[in-house]
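Visitor: Once you've had a glance at the structure underneath, I'll fire off some questions.
The values are calculated or read from the model by the stated rules, or taken from the named source; none is laboratory data. Since we're looking at a predicted model, the values are computed, not measured. No Cβ is skipped: glycine too gets one built from the backbone with ideal geometry, and neighbour counts run over all protein chains shown.
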Amino acid sequence: MSKTVKSLITNDYTQKFGSSSDAMVISIRGIKGIDVTKLRKTLRKNQVKITVIRNSLAKRMVKGSSLEKLEKFLSGPSALATGTSVVEVAREIVGLLTEFPGIELKGAVLDGTLFEGDKGVKELSKFPTRAEAIADNVTLLVGPGRKLAAQILGPGRTLGGIVKAIETKLEKGETIAKIA
């Protein structure tokens, strides 16, 4: 392959993945062609893209980037899996391991943290996504205020219920007994 072609491929990789701060490296070597097509189609529905990469050119692309830690996984047949979140990518691919057991999970990077091998990627798939983490934090922040508001409103609602019951009895013409 000429130097010009290598440069073009490296530039293509940089355009596709250069701005990514997280990605996952897998191997789909043990999967038949028809199954690879099914796998890609299934993942595409969930905004996950698999790109088979040339290791030497991908190593050039990751040098100095946030994906540099993935360099150690770029040997043998490799594919880069990307999506909206590497956690979602890991969840999708780990979920498909039963249907496509030939997928080899090499590793992933999430915000500079390296997850190695099968065990690391499965651990990553259990992490919350960014949106889920934000929702959890908001719930934790709002929870005490919600409880306080309920405590303040509780007696008022009880008193309102008593007043409503008295009003209903008086409208019906019933007398209200004194409480001793």
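Visitor: In the range 19-37, what residues are surrounded by 15 or more Cβ atoms within 10 Å (Cβ to Cβ) and not polar (S, T, N, Q)? Show your work before the answer.
Guide: So the first thing to find is which residues in the range 19-37 are surrounded by 15 or more Cβ atoms within 10 Å (Cβ to Cβ), and the list is 20, 22-28, 31, 35-36.
Once the filter is applied, which keeps residues that are surrounded by 15 or more Cβ atoms within 10 Å (Cβ to Cβ) and not polar (S, T, N, Q), the range 19-37 yields 22, 23, 24, 25, 26, 28, 31, 35, 36.
Visitor: Would it be correct to say that residue 9 is assigned to a loop (DSSP other than H, G, I, E, B), assigned by TED's automatic domain parsing to the domain that holds residue 110, at pLDDT 75 or above and surrounded by 15 or more Cβ atoms within 10 Å (Cβ to Cβ)? Can you show your working first?
Guide: Working: assigned to a loop (DSSP other than H, G, I, E, B): no; assigned by TED's automatic domain parsing to the domain that holds residue 110: yes; at pLDDT 75 or above: yes; surrounded by 15 or more Cβ atoms within 10 Å (Cβ to Cβ): yes.
Judged against the criteria, residue 9 is not a match.
Visitor: Please work out which one of (1) closer than 11 Å to residue 25 by Cβ; (2) part of a loop (DSSP other than H, G, I, E, B) is the condition residue 66 fails and give its number.
Guide: Only one criterion in (1) closer than 11 Å to residue 25 by Cβ; (2) part of a loop (DSSP other than H, G, I, E, B) is unmet by residue 66, namely (1).
Visitor: In the range 86-106, how many are surrounded by 15 or more Cβ atoms within 10 Å (Cβ to Cβ) and within 16 Å of the chain's Cα centre (by Cα)?
Guide: Residues that pass the stated criteria total 10.
Visitor: Would you kindly identify the helices (runs of 4 or more DSSP H) lying entirely within the range 71-180 that contain at least 3 residues that are at pLDDT 85 or above, assigned by TED's automatic domain parsing to the domain that holds residue 56 and hydrophobic (A, V, I, L, M, F, W, C)? Even if it seems obvious, please write down each step before you answer.
Guide: Details: elements: 86-95, 117-124, 130-172.
Result: 86-95.
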